[in-house]
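Below is one structure, written out as structure tokens, with a few remarks after it.
No lab work stands behind these numbers, since they all come straight from the coordinates. None of these values were measured; they are calculated from a predicted model. Here the Cβ positions follow ideal geometry from the backbone for every residue, glycine too, while neighbour counts run over all protein chains shown.
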Amino acid sequence: MEPHVVIAAVSILTAGLTIGIGVIGPSLGEARAAASALEAIARQPDESNTITRTLFVSLAMIESTAIYCFVVSMILIFANPFWTAVLPKAGG
Amino acid sequence: MEITPDTHIIFTVAGIAVSATVVWTWVVMALLVAASIAMTRNLTSDFAPSRWQNFLEALIGETQRQIAEVSHHDPGPYLPFVGTLFVFIATSNLLIVFPGYEPPTASLSTTAALALCVLVAVPIYGIVESGLWRYLKNYMEPTVFMLPFNVIGEISRTIALAVRLYGNAMSGVVLAGILISIAPFLFPVVLKLLDLLIGFIQAYIFSVLAMVYIASALRARRGNAASSPDAQPSSATNESKKGA
């Protein structure tokens, strides 16, 4: 196979794996955080403002690991540095 | 599809290509400056201030309250920096309601610049608060062997700050593009609504994290003040959580 075909195949496969595997941990974490926040609100409805704010912040913090995976997979597909290095040679 | 507005060149001045990021950053800045000038032109201390003054007072008051809550310090010196970060990021994320607008935060250059501002501001605030030597000693806590890890932590959290904001703003743009091509009518609008919420939360998180990092640089002085009567026990536990 030509090098750019290999790079494209590996990049697409890796991008899918990256986002697929990388999302597992954050989704479990977000589910736990949301469940505990709901439990806490049910127990102390007066504190729901503070709990909701903390929940949003922590959700965004947990989510950021998934966002890193997303950024990596987007770079692999749309802005792959190896792809652009090989492409002029292959196309020329 | 583009994953950054950097590659979208709008016009060229004297051989320098001006990308959409720069143009929209300047639009946001001009908007903020013009709005600030217009809103602060006739401030009153009447019982019935204008609605814009009311809005400004609510914004500033809430920002001060949040800063004081996070840092347990007087919000005065940190309000300009953290508040500006929040207002700039929130504005550039919320303007996506206008068609044709490309949020400058969807470019890694903008978010990296903002994160670098935080990286520079943290030691400045720390040194002003506790002095050069005591601030540097903060890096050697608990032992001198932790020095490289503290430095690495400083760098990695800056990268995380930049990539988090970039990823969230960029994912909104990319997802909208993908959804327009597969489900054109209603669904992208719903997703844009979610993007507004996410953009606002990300602005909040960016500024809260900047404040947390600044507060951790102020810890050097607080370590000595722990035995003083004004140090509440709850603040100590909060700080240990944030340091983790």
Seminar exercise, completed: Going from the fewest other Cβ atoms within 10 Å to the most, one would list A:ILE75, B:ILE10 as B:ILE10, A:ILE75
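Is there a simple number for the mean count of other chain Cβ atoms within 10 Å of the Cβ of residues in A:63-71, and what is it? Please report the intermediate quantities before stating the final value.
Values: counts 7, 9, 2, 2, 10, 5, 1, 6, 9.
Averaged over the peptide's residues, the number is 6.
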Exercise. Mind listing the phi-derived Karplus ³J(HN,Hα) values for segment B:148-165, rounded to whole Hz, using 6.51, -1.76 and 1.60 with θ = phi - 60°, and x for any glycine or proline?
Worked result: x, 5, 5, 5, 4, x, 4, 6, 5, 6, 5, 4, 4, 4, 5, 5, 4, 5
Exercise. What list of ³J(HN,Hα) couplings, whole Hz, do you get for segment B:27-40 from phi and the Karplus terms 6.51, -1.76, 1.60, once you set θ to phi - 60° and write x for glycine and proline?
Worked result: 4, 4, 5, 4, 4, 5, 5, 4, 5, 5, 5, 5, 6, 8
Exercise. Which whole-angstrom value gives the distance between the alpha carbon centres of segment B:10-47 and segment A:10-82?
Worked result: 33 Å
Problem set entry | Amide H contacts of B:SER19 (H built 1.01 Å from N, under 5 Å, at least 5 apart or other chain) | B:ILE10
Seminar exercise, completed: Residues meeting the amide H criterion for B:HIS72 (H placed from the backbone, H to H distance under 5 Å, 5 or more places apart or on another chain) are none
Exercise. Can you pull the semi-axes for segment A:3-81, root of five times each eigenvalue of the Cα gyration tensor, sorted largest first, whole Å?
Worked result: 38, 11, 5
Exercise. What share of Cα pairs, in percent, lie more than 39 angstrom apart in the protein assembly as shown?
Worked result: 22 percent
For this session: Determine, for B:CYS117, A:CYS69, the number of other Cβ atoms within 10 Å of each Cβ, and report the residues in order from fewest to most.
Result: B:CYS117, A:CYS69
Exercise. Using the eigenvalues of the Cα gyration tensor, what equivalent ellipsoid semi-axes result for segment B:13-60 when each is taken as the square root of five times the eigenvalue, whole Å, largest first?
Worked result: 35, 10, 5
Problem set entry | Degrees separating the helix B:51-71 axis from the principal Cα axis of chain B, which is the longest one | 40 degrees
Seminar exercise, completed: Residues B:ASP46, B:ASP195 in order from fewest to most other beta-carbon atoms within 10 Å are B:ASP46, B:ASP195
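When only Cα pairs under 8 Å and 6 or more residues apart are kept, what is the percent relative contact order across segment B:5-243?
Worked out over segment B:5-243, it gives 24 percent.
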Exercise. By average Cβ neighbour count within 10 Å, what is the ranking of B:95-101, A:14-20, B:121-127, B:203-209 from highest down?
Worked result: B:203-209, B:121-127, A:14-20, B:95-101
For this session: Name the long-range amide H neighbours of B:SER50: under 5 Å, sequence gap of 5 or more, or other chain; modelled H, no Pro or chain starts.
Result: B:THR44
Exercise. Using the alpha-carbon atoms, what tilt in degrees (0 to 90, nearest 10) does helix B:233-243 show relative to the longest principal axis of chain B?
Worked result: 50 degrees
Exercise. In vacuo Debye scattering of chain B, one point per C-alpha: log10 I(q)/I(0) at q = 0.09, 0.12, 0.14 Å⁻¹?
Worked result: -0.49, -0.82, -1.03
Seminar exercise, completed: With -39,500 (n - 2.57) per DSSP H segment of 4 or more residues and division by the full residue count of the protein assembly as shown, the 222 nm estimate, nearest 500 deg cm²/dmol, is -26000 deg cm²/dmol
